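Here the structure is laid out as structure tokens; the discussion comes afterwards.
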Amino acid sequence: MTILLKSAQEIEILREGGKKHALLLAQLASMVKPGVSTLFLEEEARRMIKELGDEPAFLGYKPAGAKRPYPAALCVSINDEIVHGIPNEVERIIKDGDIVSLDLGLKHGGLITDSAITVPCGAIDDESRRLLEVAQLALQRGLDAAKPGCTVGDIGFLISSAVRGSGFSLAKDLAGHGVGYSVHEEPFIPNFGDKGKGEKLVAGMVLAIEPMVNVGKPGIRLASDGYTIKTADGSRSAHFEHTVAITEEGNIVLTASRD
């Protein structure tokens, strides 16, 4: 396993990009309303990224094992879609009561940040509201463990502990990852683990931590488009993600909203 550490100068560039990233996601989230199409969100994401002078990191990216490059700048995943929903191939209209995951990769100064939020469209039911709360808590717990001296196993342990007992489940086989020079780098960061196990976290690591929580069972399935991953049982799923840099003092959540 080769983990590519980032310099203090590179982390500062990532911090600048992360600030823009947070603003972009907040603006896109404000556009999620009944009657809005996924294509509109994609077009707005591209427009705003271009205006900022940056590049979409996902557009044209081909993950290992994929048969074709990803065709959009944004991932829009609705209800039972966990991740990687393609917004511009089959245009969908968002409805009142939906929950919508917005996952965006941004390249700023040649370096990449990755972040996702799941937002309600209009009035959602109590179960969906609780799902969002649990998934957000799981992300925060994972970030709490992203500090020097901790391990990848510590991150997974705290994420899974936040979900355990909620009645929900973590999506099977989906995980966080290193990021910065590429969309996906080492290390692989499962959303479960044992305290003190796995790769030791050191200053210079940049990680994308991303719990994906299902209302039902953990099973997943791949849609015919080759990218969209759905819950196997058709239950709803929520996805939250931040890019975090490990520093000597602790960490910097690069994609968090900042004044």
Item to check | Those residues of the stretch 167-179 which are farther than 16 Å from Ala116 by Cα and assigned to a loop (DSSP other than H, G, I, E, B), in sequence order | outcome: Gly167, Phe168, Lys172, Asp173
Checklist outcome for this item: Within the stretch 221-259, residues assigned to a loop (DSSP other than H, G, I, E, B) and β-branched (Val, Ile, Thr) come out as Thr228, Thr247, Thr255
Item to check | Search result, residues across the stretch 49-101 that are among the hydroxyl-bearing types (Ser, Thr, Tyr) and under 24 Å from Ala135 (Cα atoms) | outcome: Ser77, Ser101
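Considering only residues that are surrounded by fewer than 22 Cβ atoms within 10 Å (Cβ to Cβ) and either among the hydroxyl-bearing types (Ser, Thr, Tyr) or closer than 13 Å to Gly85 by Cβ (or both), which ones fall in the stretch 230-250? Outline the logic, then answer.
Pass one, the stretch 230-250, residues surrounded by fewer than 22 Cβ atoms within 10 Å (Cβ to Cβ): 232-235, 247-250.
Of everything in the stretch 230-250, those that are surrounded by fewer than 22 Cβ atoms within 10 Å (Cβ to Cβ) and either among the hydroxyl-bearing types (Ser, Thr, Tyr) or closer than 13 Å to Gly85 by Cβ (or both) turn out to be Ser235, Thr247.
Residue-wise test of (1) touching a helix residue (DSSP H, G or I) at 6+ places or on another chain (Cβ under 7 Å); (2) of a type outside the set (Gly, Ala, Ser).
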site: Asp154; (1), (2): no, yes
site: Ala162; (1), (2): yes, no
site: Glu185; (1), (2): no, yes
site: Glu199; (1), (2): yes, yes
site: Ala203; (1), (2): no, no
site: Pro218; (1), (2): no, yes
site: Ser224; (1), (2): no, no
site: Ile246; (1), (2): no, yes
site: Ala256; (1), (2): yes, no
Next on the checklist: Can you pull out every residue in the stretch 99-138 that is in contact with an Asp or Glu (Cβ under 8 Å, 6 or more places away or on another chain), within 24 Å of Pro34 (Cα to Cα) and among the small types (Gly, Ala, Ser)?
Outcome noted: Ser101, Ser115, Ala116, Gly122, Ala123
Next on the checklist: Going residue by residue through the stretch 139-146, is there one that turns out to be over 14 Å from the mean Cα position of the chain (by Cα), more than 30 Å from Gln9 (Cα to Cα), free of Cβ contacts under 8 Å to residues at least 40 places away in the same chain and assigned to a helix (DSSP H, G or I)?
Outcome noted: no
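I'm trying to understand the selection: among the residues of the stretch 199-215, which are surrounded by 20 or more Cβ atoms within 10 Å (Cβ to Cβ) and either aliphatic (A, V, I, L, M) or modelled with pLDDT under 95 (or both)?
Of the residues in the stretch 199-215, the ones surrounded by 20 or more Cβ atoms within 10 Å (Cβ to Cβ) are 201, 205-215.
Once the filter is applied, which keeps residues that are surrounded by 20 or more Cβ atoms within 10 Å (Cβ to Cβ) and either aliphatic (A, V, I, L, M) or modelled with pLDDT under 95 (or both), the stretch 199-215 yields Leu201, Met205, Val206, Leu207, Ala208, Ile209, Met212, Val213, Val215.
The values are calculated or read from the model by the stated rules, or taken from the named source; none is laboratory data. The shown structure was predicted, so the numbers you read here are calculated from the model rather than taken from an experiment. So basically every Cβ, Gly included, is an ideal-geometry build from the backbone, and we count neighbours across all protein chains shown.
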